[in-house]
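What follows is calculated from the coordinates using simple rules that are stated; it is not laboratory data. Note that the structure is a prediction, hence the values are computed from the model and not measured. Using ideal geometry, Cβ is built from the backbone for each residue, glycine included, and neighbour counts are taken over all protein chains shown.
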2 protein chains.
Amino acid sequence: MADEKLPARSEDFSEWYNQLVLRAELADYAPVRGCMVVRPYGWALWENIQAALDRRFKATGHQNAAFPMLIPRSFIEKERRHVEGFSPELAVVTIGGGETLAEPLVLRPTSETIIGHMWSKWIQSYRDLPVLMNLWNNVVRWELRTKLFLRTLEFYWQEGHTAHATREEAERETRQMLDIYADFAVTDAAIPVIPGRKSEAEKFAGAETTYSIEAMMGDGKALQAATSHFLGQNFSRAFEIQYLDPKGQLQYCWTTSWGLSTRFIGAIIMVHGDDQGLILPPRLAPIQAVIVPIFRNDEEKAAVLAAADRLRAALAAAGIRVKLDDREGVSPGWKFNDWEMRGVPLRVELGPKDLARQSCVVARRDRPGKRGKSSVPLDGMTGAISRMLEEIQQSLYERALHFRDSRTRETPTYEELRSAVETGFALAFWCGGGECEARIKEETKATMRCIPLVQVEASGHCVVCRRPSQERALFGKAY
Amino acid sequence: MADEKLPARSEDFSEWYNQLVLRAELADYAPVRGCMVVRPYGWALWENIQAALDRRFKATGHQNAAFPMLIPRSFIEKERRHVEGFSPELAVVTIGGGETLAEPLVLRPTSETIIGHMWSKWIQSYRDLPVLMNLWNNVVRWELRTKLFLRTLEFYWQEGHTAHATREEAERETRQMLDIYADFAVTDAAIPVIPGRKSEAEKFAGAETTYSIEAMMGDGKALQAATSHFLGQNFSRAFEIQYLDPKGQLQYCWTTSWGLSTRFIGAIIMVHGDDQGLILPPRLAPIQAVIVPIFRNDEEKAAVLAAADRLRAALAAAGIRVKLDDREGVSPGWKFNDWEMRGVPLRVELGPKDLARQSCVVARRDRPGKRGKSSVPLDGMTGAISRMLEEIQQSLYERALHFRDSRTRETPTYEELRSAVETGFALAFWCGGGECEARIKEETKATMRCIPLVQVEASGHCVVCRRPSQERALFGKAY
């Protein structure tokens, strides 16, 4: 795996990404066009993402459940904008048990419709509200241009769905979940994000308001890392999700939905990786530290392996996800490259000389070469490793933040916007009009990523039409 | 939910089951025939099952991964017996993105074929072996007669898949996983099981040997609770899964697969439940103890709720999964019934009189009425609750074991077998012939569940043809 070098990230970002995903054994191409196999190392990363999110969802009162993959085609058609948005992307089951089905079934592209159908049975009274649910599952969208993790026919995600008695409560929920995504991205994935509101053109099919967190990838392009939708009463009216209020009046619920997918793994790769491969933020890394033993003969081998295993046990006991790489038939140098490709945050080198000194060499993945190496006494390794993992977590975040800020420009003029989106983000006043937005997209290939929730200034002029404007919007070319 | 009584378990077991699943809010019928929605309470139970198994899988070196749901139709046809077994049950996607597909895709009924395809790429050398993988996912089988959890078109499960260099190692793996399932069933689910080998007629489509664990339900019928398959080289030959051995010779791998599904939830219901509803084994129960506060006025309410919340916090801090039921508008008696329906192992009643005595009343779900009630001092509740949960776990197992043993008979004659399978299991010598097995099935509706791995006696005569026989087989009517 580690024999050849990757294409240089700065020269061919796209091919660098494709090769990295395969060679770090995160995922592979499935036999069906556009589908992917998530390999154990990639899935372990996803499990850590799941745990970090699930903890936050449960702490805010959400419960997991499972809804069927198969949805009657007619359900998708009940909400006007929903069917417009999703129809072109549907996979349809027409045969079951050897017979042609009376009504074709679609593979869920998302579950608002089937959830709406069930909620209309389950929700009766204001006492049943709020309903706070989350699903971890797989969905299918028939995409034409696919890329591992970023856009695949089938992908894995969580989709949260909630129903509330009032508009205010549902809006609060929508924003709460956006905050949770942002906190996860920053704290666990070391990815700085810009939370904001989507334009009418970019919002979810069936939403009243869509919020997203937007991140800058290593090539300056934008990636929508998670979304949270305030659905108003669109789905509750389409599916008759009603409740009796305390006065005995029948009311429609207010609903929300929000999701984060395996696409996020693509963001981690593209934000942190370098020419040697992946760099994983320690909090999400399946392996936080790898021990590579070094020896020249059987005598050295016995002593080194014994010490390496003691070290492994001590680190594991302290809750550090550690692996001892005792593979035979490959050299230490080959192992170094292999673990660098896989982005393990810390490498511990342990040889006879180290043993004699009762120390070892620790190499930080985020600082290539000598600059990232230090000698650490074996006594006290646990504390040292824990501290270094925290430092790497922090340092990755700061590096990504610095990179993003260095490539984000406030652009008072259209020409400046045009130039800014060639290498990163443009922040520009925008009148709110669909025509100005469409012109930017048409002429620069950049889309409006969001209207950031945090706004520095109060007023200016639209970067396209010069009409007075109250808000800056974020533009960038997007994945 | 708790307003009406369930049908009596002893009178209409099937309808008792159906109603219990709905009223305990474990699952509901989906709009598509034969599909189910797993509601939060049912999914929380499944998550506990997942955690108990996943821990065991990882401790034995298995890694989770994810393979696509969509499989080219031609893959299923590569292994002769596999296609015979699964063809009648396939759901087929023929349209994607509005276009008719050149090759129809099937929704995985199980993943041996697509895994075989990928392994043939990934596995090169003996150094790549063994490959030890597990998938947690959803599969689709177009069943005609469905029942919530027991048999649904889409269900959730884990499917383990492993590849080995030698037959012996693969056989060892197959048996190891059977042991893990048995240990999980006994230790965590309090369900006694009989591990054994399936007959040729009952084995997995494509397996060389299938093992299963068989459990007796509360109506005396059998349920196959998990299976483990030794696949020989059947799939490695069909998919060219080969490796270079240390001598440089190309060899076919030996593979296994093994699975446990949401069907297991049906077993828990049918083994432990009673006329009042579900009874959950404490180790898997989403809620192990529920506190029901009792009061008549606001003054009492304030004091009782404060004490109840302190108790909740103390129990939660000790790692007990506890819930305080402070719902308004429903009586304590209604709550008692509701939690009995949901099978929570312990109910803690706390009222003003209890507070005055600094004690509370604890009711065991497995012992209805006064017999299961005891007064426990508030001081030392944590220890008392933990002990009682352990007692319930043990007592549920013993009760189920006693029930099974009381309904399992050694049957030297065919007439005795015929009578035994009307109420439970028959253990009978069997010659190993498919004709004798088929005759039993035809005439008694009982199938051969397994040839138990533990055999008491060495020889006898086949219960049907009287030929000499070395092994007893287990017969029963099955779900």
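The table below lists the values:
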read-out	value
In range of the label at B:S14: residues from the range B:458-479 whose backbone nitrogen is under 17 Å from the point 7 Å along Cα→Cβ	B:477-479
Fully extended contour minus Cα-Cα distance, from A:T166 to A:E103, at 0.36 nm per residue	19.1 nm
With Cα atoms, 0 to 90° folded angle of helix A:167-187 axis to chain A main axis	20 degrees
Per-residue mean of C-beta atoms belonging to partner chains within 10 Å, peptide B:56-63	1
Cα centroid separation, the range A:393-472 to the range B:209-237 (Å)	60 Å
In nm, spacing of pseudo-spin labels at A:E390 and B:A201 (7 Å Cα→C-beta vector)	6.7 nm
Extended-chain gain in nm, criterion 0.36 nm per residue less alpha-carbon gap, B:R55 and B:Q358	105.1 nm
Rounded to 10°, Cα long-axis angle of helix A:332-341 versus longest principal axis of chain A	10 degrees
Cross-link pairs B:K221/B:K323; A:K353/B:K58; A:K78/A:K203; A:K147/A:K441; A:K221/A:K323; A:K198/A:K221 - those with Cα-Cα distance over 24 Å	B:K221/B:K323; A:K353/B:K58; A:K221/A:K323
Within the range A:289-389, percent of DSSP bridges classed antiparallel, to nearest 5	55 percent
Charge-dipole axis of the range A:235-341 as Lys and Arg at +1 and Asp and Glu at -1 on Cβ define it, positive-most pick from A:V292, A:A303, A:G319	A:G319
Beta bridges per DSSP with both ends in the range A:13-272, % antiparallel, nearest 5	95 percent
Dimensionless Rg ratio for the protein assembly as shown, taking C-alpha atoms and the 2.2 N^0.38 Å reference	1.01
Dipole magnitude (debye, nearest 20) for chain B, charges at Cβ of Lys, Arg, Asp, Glu	440 debye
Those GluC sites (Glu not before Pro) in the range A:373-413 that DSSP places in a loop and that have at most 15 other beta carbons within 10 Å	none
Gyration tensor (alpha-carbon) shape descriptor, the range B:289-388, a/c threshold 1.5	rounded
Across the identical copies, how the B:Q394 labels are spaced - nm, sorted shortest first, 7 Å along Cα→Cβ	5.1
Residue among B:C462, B:V361, B:I385 farthest towards the positive dipole end of the range B:351-479, charges placed on Cβ	B:V361
Shielding of B:82-90 by partner chains, average beta-carbon count, 10 Å	1
Loop-located trypsin sites (Lys or Arg not before Pro) in the range B:249-336, at most 16 other Cβ atoms within 10 Å (DSSP)	B:R296, B:R327
Charge dipole (debye, nearest 20) of the range A:6-108; +1 at Cβ of Lys and Arg, -1 at Cβ of Asp and Glu	400 debye
Chain B: radius of gyration over Cα atoms, expressed as a fraction of 2.2 N^0.38 Å	1.10
Copy-to-copy label separations for B:G333, where each label sits 7 Å from Cα toward Cβ, in nm and ascending	8.3
Nearest 10 degrees, 0 to 90: helix A:434-444 Cα axis against chain A principal axis	40 degrees
Label distances, nm, A:E99 versus same residue in remaining copies, Cβ-directed 7 Å point	3.2
Size of electric dipole in the range B:182-250: Cβ of Lys, Arg +1 and of Asp, Glu -1, about Cα centre, debye, nearest 20	180 debye
Centroid-to-centroid separation of the range B:47-71 and the range B:12-38 [C-alpha atoms, Å]	26 Å
Charge dipole of the protein assembly as shown about the Cα centre (unit charges at C-beta), most positive-ward option of A:I115, B:Q251, A:T187	A:T187
